[in-house]
Amino acid sequence: MKLLIMGPPGAGKGTQAKILAEKFNLVHLSTGDILRSEIDKGSSMGLEAQSYMNAGNLVPDKVLLSMMDSTLENLKDKGLILDGFPRTIPQAEGLSTIFKSLNQKIDYVINIYVEKDVLINRLVERAEKSGRADDTKEVIVNRQKVYHKLTAPVIEFYNNEIINIDGDGSIEEVTSRILNIIE
Ligand code: AMP
């Protein structure tokens, strides 16, 4: 099974992706986690990504697409959940091309939606615990703006297959809303 999970920063997509990965035995591919680990390793990709991430901007499409091209090819026989990718229309188009060349398709596109005020509060709370460099108030607001400008149009791209899930509620409630549809 190939799943794609989308939603604005703070919607809980990472948390839900982890739960679904465990339940369905899927590889959880979080592009944010992969990029953070490249930064920790001090790789050239990490160095290139770091300044974009710290400012709450998106890392250039060509970096993400070349990273995902090789990753998806290596994992082509596995069940996957993509978390945080695609985040732009060119990435969504690139993903279609990659999957076509691997003779694969996405089974479900899950979009978790949450109101803006709830999101900002959640992210400010997370910032207090996480120590992530991109969890300051200013960067949080920028990440929401970037989401609305560049990532929200991806929902339209998947218009016919999108499954909209209300992300307001406990982690368990949101999980059971997703499972009601995909199980
Ligand atoms: P996340 O952990 O998903 O919130 O991602 C953290 C940061 O990593 C984002 O704010 C971006 O700077 C970068 N990032 C993660 N995924 C992507 C992507 N698909 N395209 C561009 N930048 C990304």
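The values are calculated or read from the model by the stated rules, or taken from the named source; none is laboratory data. Small disclaimer: the values here were computed from a predicted structure and weren't measured. We place every Cβ from the backbone using ideal geometry, glycine too, and count neighbours over all the protein chains shown. In case anyone asks, the SASA skips ligands and DNA or RNA and just uses the protein heavy atoms, side chains included. Shrake-Rupley method; radii C 1.70, N 1.55, O 1.52, S 1.80 Å.
Quick rundown of the values:
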item	result
Residue 140 vs. criteria among the aliphatic types (A, V, I, L, M) and farther than 23 Å from residue 63 by Cβ	no
Set 42, 79, 94: member being over 14 Å from the mean Cα position of the chain (by Cα), under 24 Å from residue 180 (Cβ atoms) and modelled with pLDDT of 95 or more	79
Helices (runs of 4 or more DSSP H) wholly inside region 2-99 that include at least 2 residues being more than 23 Å from residue 146 (Cβ to Cβ) and open to solvent by less than 70 Å² (accessible area, probe 1.4 Å)	13-24, 61-74
In region 7-59, the residues that are of a type in the set (S, T, N, Q), more than 24 Å from residue 117 (Cα to Cα) and away from the ligand (no atom under 12 Å from the Cβ)	25, 43, 44
Total residues in region 100-126, condition open to solvent by 30 Å² or more (accessible area, probe 1.4 Å) and within 12 Å of the ligand (Cβ to nearest atom)	1
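Residue by residue, here is whether (1) in contact with a helix residue (DSSP H, G or I) (Cβ under 6 Å, 6 or more places away or on another chain); (2) within 22 Å of residue 153 (Cα to Cα); (3) among the hydroxyl-bearing types (Ser, Thr, Tyr) holds:
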| site | (1), (2), (3) |
| --- | --- |
| 35 | yes, no, no |
| 41 | no, no, no |
| 46 | yes, no, no |
| 55 | no, yes, no |
| 65 | yes, yes, no |
| 72 | yes, no, no |
| 77 | no, no, no |
| 83 | yes, yes, no |
| 88 | yes, yes, yes |
